[in-house]
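One structure is given below, encoded as structure tokens.
The values are calculated or read from the model by the stated rules, or taken from the named source; none is laboratory data. Since this is a predicted model, take the numbers as computed values, not measurements. Neighbour counts run over all protein chains shown; Cβ positions are idealised from the backbone, glycine included. Just so you know, the surface numbers come from the protein's heavy atoms only, side chains and all, with ligands and any DNA or RNA stripped out. Shrake-Rupley method; radii C 1.70, N 1.55, O 1.52, S 1.80 Å.
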Amino acid sequence: MDLGPRVVRRAGALVELTAVEFALLELLLRAAGSVVRRDDLARGALGRSLLPFDRSIDVHVSRVRKKLGPRPDGGERIATLRAVGYLYTRQGAPRLR
């Protein structure tokens, strides 16, 4: 992830992300290895708190997962912790530039 030009690459290939997806991924990468609560992701990526039964963050995370694909070892890059939030797994976590 290159923060200057807001570019994400996976195995050298450009990954097209929306502004919200980019912000979401940045938040997860900054906290790689730690759980980020859903409401914190909503405030950081959407600029608002979640409403009851609001699934927008879950939809965005799902789209980012599809675009990034699995880790080279086949594992998930972004883990779900039910009723808590999401975690970008440390193994193979890219560095922010």
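Would you confirm whether or not the range 58-71 contains a residue that is modelled with pLDDT under 90, assigned to a loop (DSSP other than H, G, I, E, B) and open to solvent by 90 Å² or more (accessible area, probe 1.4 Å)?
no
Quick one: how many residues across the range 73-94 are more than 10 Å from the chain's Cα centre (by Cα) and either part of a helix (DSSP H, G or I) or in contact (Cβ under 8 Å) with a residue 40 or more places away in the chain (or both)?
7
Of the conditions (1) free of Cβ contacts under 8 Å to residues at least 40 places away in the same chain; (2) under 12 Å from the mean Cα position of the chain (by Cα), Phe53 fails just one. Which one is it?
(2)
Look through Leu29, Leu46, Leu41 and report the one residue that is at pLDDT 95 or above and either touching a helix residue (DSSP H, G or I) at 6+ places or on another chain (Cβ under 9 Å) or open to solvent by less than 50 Å² (accessible area, probe 1.4 Å) (or both).
Working: Leu29 fails: at pLDDT 95 or above; Leu46 fails: at pLDDT 95 or above.
Matching residue, one of Leu29, Leu46, Leu41: Leu41.
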